1. Could you pull out the residue among Ile22, Ile74 that is at pLDDT 95 or above and touching a strand residue (DSSP E or B) at 6+ places or on another chain (Cβ under 8 Å)?
2. Output the residues belonging to region 29-75 that are in contact with a helix residue (DSSP H, G or I) (Cβ under 7 Å, 6 or more places away or on another chain) and of a type in the set (Lys, Arg).
3. Just the residues that are outside any loop (DSSP other than H, G, I, E, B) and of a type in the set (D, E, K, R), please, taken from region 134-143.
4. Looking at region 38-58, I want the residues that are farther than 13 Å from Ser174 by Cα and have a partner that is surrounded by 13 or more Cβ atoms within 10 Å (Cβ to Cβ) and among the β-branched types (Val, Ile, Thr) with Cβ atoms under 8 Å, at least 6 apart or on another chain. Which pairs are those?
5. What's the number of the only condition in (1) closer than 18 Å to His7 by Cα; (2) touching a residue at least 40 places away in the same chain (Cβ under 8 Å) that His77 fails to meet?
6. Just one of Asn85, Asn61, Asn78 is farther than 18 Å from Leu17 by Cα and of a type in the set (S, T, N, Q); which is it?
7. Pick from Phe44, Phe33: which is aromatic (Phe, Trp, Tyr) and surrounded by 19 or more Cβ atoms within 10 Å (Cβ to Cβ)?
Amino acid sequence: MSKVEFHFDFGSPNAYLSHLVIPEIEKRTGATFEYVPVLLGGVFKATNNRSPAESNAGIKNKGEYGKIEMQRFIKRHNITAFKMNPHFPVNTLMMMRGAIAAQHLGIFPRYVDQMYRFMWAEGRKMDDPAIVAASWKESGFDVDKLATLIQDQAIKDKLVANTQASVERGCFGSPTFFVGDEIFFGKDRLRDVEEMIIESKAA
C-alpha cells in the first residue's frame, strides 16, 4: 500500500478537523497516516500564499460559505470538541518546533493530540510562551527538555527542511495529504484520500 502522509500545522482549524477524522479512515482502510510537521508561515512565504482569512477578505459571500462548509463537515463527522480560537491567527513556531522535539523524545502522538486540543477545543493563546509552557506541564511533558530542544539548531533545521520538502512536493497550505506521490489539499479531500488508499491497496 502507498505511504500516506499528513502535512500539518497546529494553526489551521481545518487541519485540526482532519486530525479528528483521520482515525476513522485508518480504521476503515487499515492505513496509518504519517504526521509531518511543517510551518505554515514558511509554506505561505515560499508559495506567495495567504491564509483564507486574508485572501477572502473583501470577497462578498466567500467567507460565509466557508463557514457553512465547515459546519457541514463538523455535523457529518459528529465533531463536538471544536471552537474557533479567539486568538486566531496564532503564531505556531514554538508549537511546531515542539512537535519536532516531541518526535525526538518519543511523545509525538500525545503531543499532537494535546496541542490540537489546547488550540481548537479550549482556545488557548498558544503563541504565548508562558501559556505554552503551562500547557506542556499540564500534559505531563518535560517542560525543560522541550524548552531546550526547541532552541536546538538541529530541531529548527528539521522543521525548515520538512517545510521546504513539502513545498517542493506541491504543498501550498494545510492540511495537505500525500498518498504515495498523489497530493490532496483540504479536509474536504479526505474522501478522495480514502478512495486513493483503497485503490493503492488493491493495486
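The values are calculated or read from the model by the stated rules, or taken from the named source; none is laboratory data. Because the structure is predicted, anything quoted here is derived from the model rather than measured. Backbone-built Cβ (ideal geometry, glycine too); neighbour counts: all protein chains shown.
1. Ile22
2. The one that is in contact with a helix residue (DSSP H, G or I) (Cβ under 7 Å, 6 or more places away or on another chain) and of a type in the set (Lys, Arg): Arg50.
3. Of the residues in region 134-143, the ones outside any loop (DSSP other than H, G, I, E, B) are 134-138, 143.
Correct list: Lys137, Glu138.
4. Pairs that qualify, where the first residue is farther than 13 Å from Ser174 by Cα and the partner is surrounded by 13 or more Cβ atoms within 10 Å (Cβ to Cβ) and among the β-branched types (Val, Ile, Thr), are Ala46/Thr163; Ala46/Val167.
5. All conditions pass for His77, except number (1).
6. Asn61
7. Working: Phe44 fails: surrounded by 19 or more Cβ atoms within 10 Å (Cβ to Cβ).
Only one candidate qualifies: Phe33.
Yes or no, residue by residue, for (1) touching a residue at least 12 places away in the same chain (Cβ under 8 Å); (2) out of contact with any Pro (no Cβ under 6 Å at 6 or more places or on another chain); (3) of a type in the set (Ser, Thr, Tyr):
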residue	(1), (2), (3)
Val112	yes, yes, no
Phe141	yes, yes, no
Ile150	yes, yes, no
Ala161	no, yes, no
Phe177	yes, yes, no
Ser200	yes, yes, yes
